[in-house]
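The values are calculated or read from the model by the stated rules, or taken from the named source; none is laboratory data. Just so it is clear, the structure is predicted and the values come from calculations on it, not from any experiment. Here the Cβ is made from the backbone with ideal geometry for all residues, glycine too, and neighbour counts use every protein chain on show. To get the accessible areas, we keep the full protein, side chains included, count just its heavy atoms, and leave off ligands, DNA and RNA. Shrake-Rupley method; radii C 1.70, N 1.55, O 1.52, S 1.80 Å.
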Amino acid sequence: MSQKTYVMIKPDAVARGFVGRIVQRFEDTGLIIERLEYGVVTQDEAAQNYREHEGKPFYAGLVDYITSGPVVKMVLSGPEAVAVCRKLMGATNPRDAAPGTIRGDFGLSVEANVVHGSDSPESAEREIAIFFGA
Ligand code: DAT
Ligand code: MG
């Protein structure tokens, strides 16, 4: 069954010049890139996207970081799009992420871990609405 997911290349990866290589990896999965946009995340979008983390010690740093510079926002679709993208991204902490995953190959720290990807179809629908409108 075709599914949509929201993926975002985070500011550290854009600043370090990895956009092309990271987009390539998502394309290589066979998923379709339905939307792709370069832009800056607003405080409000960041707060909505990361509302589940509000109150955690890293929350303020997370919002500061995701709004700190341009990102690349994408909607990808295809069979099991959520799980396919999460697997490709690797573990949240790049130090735990397997080689060959995006975070394993490009990530430096858990704070700046290169990519965001929705964790469920429900999150995907919510996040797509935040960043691309309903
Ligand atoms: P994921 O991005 O893999 O879904 P998450 O939803 O648990 O991970 O956390 C969202 C982001 O918050 C994550 O990409 C990086 C940051 N983060 C998570 N845990 C952290 C921690 N212990 N210290 C600092 N930043 C953290
Ligand atoms: Mg998450």
Item to check | Test: residue 123 is modelled with pLDDT of 95 or more, out of contact with any helix residue (DSSP H, G or I) (no Cβ under 7 Å at 6 or more places or on another chain) and within 11 Å of ligand 1 (Cβ to nearest atom) | outcome: yes
Next on the checklist: Looking at residue 37 and the list (1) open to solvent by less than 20 Å² (accessible area, probe 1.4 Å); (2) not in a helix (DSSP H, G or I), which single condition is not satisfied?
Outcome noted: (1)
Checklist outcome for this item: By residue number, the members of region 40-76 that are open to solvent by less than 40 Å² (accessible area, probe 1.4 Å) and part of a loop (DSSP other than H, G, I, E, B) are 41, 50, 67, 69
Next on the checklist: So, in region 93-134, exactly how many residues are in contact (Cβ under 8 Å) with a residue 60 or more places away in the chain, outside any helix (DSSP H, G or I) and either under 20 Å from residue 74 (Cα atoms) or touching a strand residue (DSSP E or B) at 6+ places or on another chain (Cβ under 6 Å) (or both)?
Outcome noted: 7
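For (1) among the acidic types (Asp, Glu); (2) in contact with a Leu (Cβ under 7 Å, 6 or more places away or on another chain); (3) within 15 Å of ligand 2 (Cβ to nearest atom), each residue gets a yes or a no:
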| site | (1), (2), (3) |
| --- | --- |
| 81 | no, yes, no |
| 86 | no, no, yes |
| 92 | no, no, yes |
| 98 | no, no, no |
| 105 | yes, no, no |
| 110 | no, no, yes |
| 113 | no, no, yes |
| 118 | no, no, yes |
Next on the checklist: Of all residues being within 26 Å of residue 35 (Cα to Cα) and open to solvent by 40 Å² or more (accessible area, probe 1.4 Å) in region 92-110, which is nearest to ligand 1 (Cβ to nearest atom)? Just the residue, please.
Outcome noted: 92
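Does residue 9 satisfy being on the phi < 0 side of the Ramachandran plot, surrounded by fewer than 16 Cβ atoms within 10 Å (Cβ to Cβ) and touching a residue at least 24 places away in the same chain (Cβ under 8 Å)?
no
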